[in-house]
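To keep things clear, I will list the structure first and then write my remarks on it.
Read-outs: derived from the displayed coordinates by stated rules, not from any lab. It should be emphasised that the depicted structure is a prediction, and the values quoted were computed from it without experimental measurement. Cβ placement follows ideal geometry from the backbone for every residue including glycine, while neighbour counts extend to all protein chains displayed.
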């Protein structure tokens, strides 16, 4: 049966399939509990919700006997770090430059789960990042790879550009041995992080991570982290891009995961002009759309402010009257970075005196040199 399932998985575009069992995760509850207790998950409250089911697959489904963990490659065709040196362009994480993987991967998992159910007359449940399932931990236990020092799964044969999914089944499969760590003394992923989001190897503080800040974090991004964000308008690939195991990675076999050329290096000036309808149209079908226009434009304004390009100041000025205070606040910050002080003060008299949002008023005070922006409830540290 397993050979048939593996063959079918390959035809569906998966680059790896391994098996584990729910009783092979003895340290998961303690690790998860400690991470949550530190508050390292930031505002991702969904990580704490149903934590008992995250820590114990059996708690999620008592009928579970075996867990099939699968991986699909999304290796980018170009080095994401090359784009960081083009500050007039927006850097979108490689996984988000293509069709939403939830849709693609879950569809393939359902096909494979249906095949397994029909062949073996067993029950299955499929998961892809939308349920209390710790895919990376399961993948490591199943031998699909190991969680590197950047906490992302690394495969010796496919690098770390991997999308993961799981099939829970009532079928009995022989488990695979776990993969051992092959990071050695390498710390490239730790050293490249722009915001020092790794307090130690194998530990991530999401509150300092650019991917968390630009995607999951809903409020104003703390001022201390804005310069380090650079031109990253959605996510960050730095720690993934430098992993030496990527030399073995192959281009995605699933055609629906092909990257969109217009998302490879979009111009910041174009992104800054998106209204809600244009945003939804441009990012339709991609993970970016789920974040929402206001949060995305917040990121774009930070990138504009980091560009050191005075010609982009006009794009920031245009957003000073944006309907969203989240966008307005970061537009103020961008103006403060790109325009001379007297011009910022003039804009402050024009826009700041009538501002009704407390956070945006704080940004005006900081931009005009009166004080620093507030960092209490918006702090990620």
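Shape call for segment 84-151 from the C-alpha gyration tensor, a ≥ b ≥ c root eigenvalues: rounded (a/c under 1.5), prolate (a/b greater than b/c) or oblate? Mind showing how you got there, number by number?
Values: a/c = 3.48, a/b = 1.78, b/c = 1.96.
Judged from the Cα gyration tensor, segment 84-151 comes out oblate (a/c at least 1.5, b/c at or above a/b).
Dividing the summed -39500 (n - 2.57) terms of all DSSP H runs of n ≥ 4 by the residue count of the chain sets its mean residue ellipticity at 222 nm at -10000 deg cm²/dmol. For segment 1-103, the relative contact order works out to 32 percent when only alpha carbon pairs closer than 8 Å and six or more residues apart are counted. Does anyone have the angle between helix 2-11 and the longest principal axis of the chain? Alpha-carbon axes, 0 to 90°, nearest 10? Helix 2-11 sits at roughly 40 degrees to that axis. Segment 1-120 gives an Rg/Rh value of 1.05, both radii derived from C-alpha positions and Rh following Kirkwood. For the chain, find the longest principal axis of its Cα atoms and tell me its angle to the long axis of helix 325-338, 0 to 90°, nearest 10. Between the helix axis and the principal axis of the chain, the angle is about 60 degrees. On a 0 to 90° scale, report how tilted helix 341-351 is relative to the longest principal axis of the chain, with both axes built from alpha carbons and the result rounded to the nearest 10. For 341-351 against the chain, the angle is about 80 degrees. Indicate the gyration tensor shape class of segment 137-201 (rounded, prolate or oblate), computed on the Cα atoms with a ≥ b ≥ c the square roots of the eigenvalues: a/c under 1.5 is rounded; otherwise a/b larger than b/c is prolate and the rest oblate. Prolate, since a/c reaches 1.5 and a/b exceeds b/c. Pairs of Cα atoms nearer than 8 Å and 6+ residues apart set the relative contact order; for the chain it is 19 percent.
Protection proxy ranking for 339-352, 286-299, using the average of other Cβ atoms within 10 Å per residue and placing the highest first: 286-299, 339-352.
Please rank 56, 66, fewest neighbouring Cβ atoms within 10 Å first, as an exposure proxy.
Values: 56 17, 66 21.
If I rank by nearby Cβ atoms, fewest first, I get 56, 66.
When peptides 2-14, 356-368 are sorted by average Cβ neighbour count within 10 Å, with the highest value leading, the order is 356-368, 2-14.
Give the Rg/Rh ratio for the chain, taking Rg as the radius of gyration of the Cα atoms and Rh as the Kirkwood radius, to two decimals.
Reported Rg/Rh, Kirkwood definition of Rh: 1.01.
Of the peptides 172-184, 308-320, the order by per-residue mean of other Cβ atoms within 10 Å, starting with the highest, comes out as 308-320, 172-184.
The overall shape of segment 188-277 is oblate: from the C-alpha gyration tensor, with semi-axes ordered a ≥ b ≥ c, the ratio a/c is 1.5 or greater and a/b is no larger than b/c.
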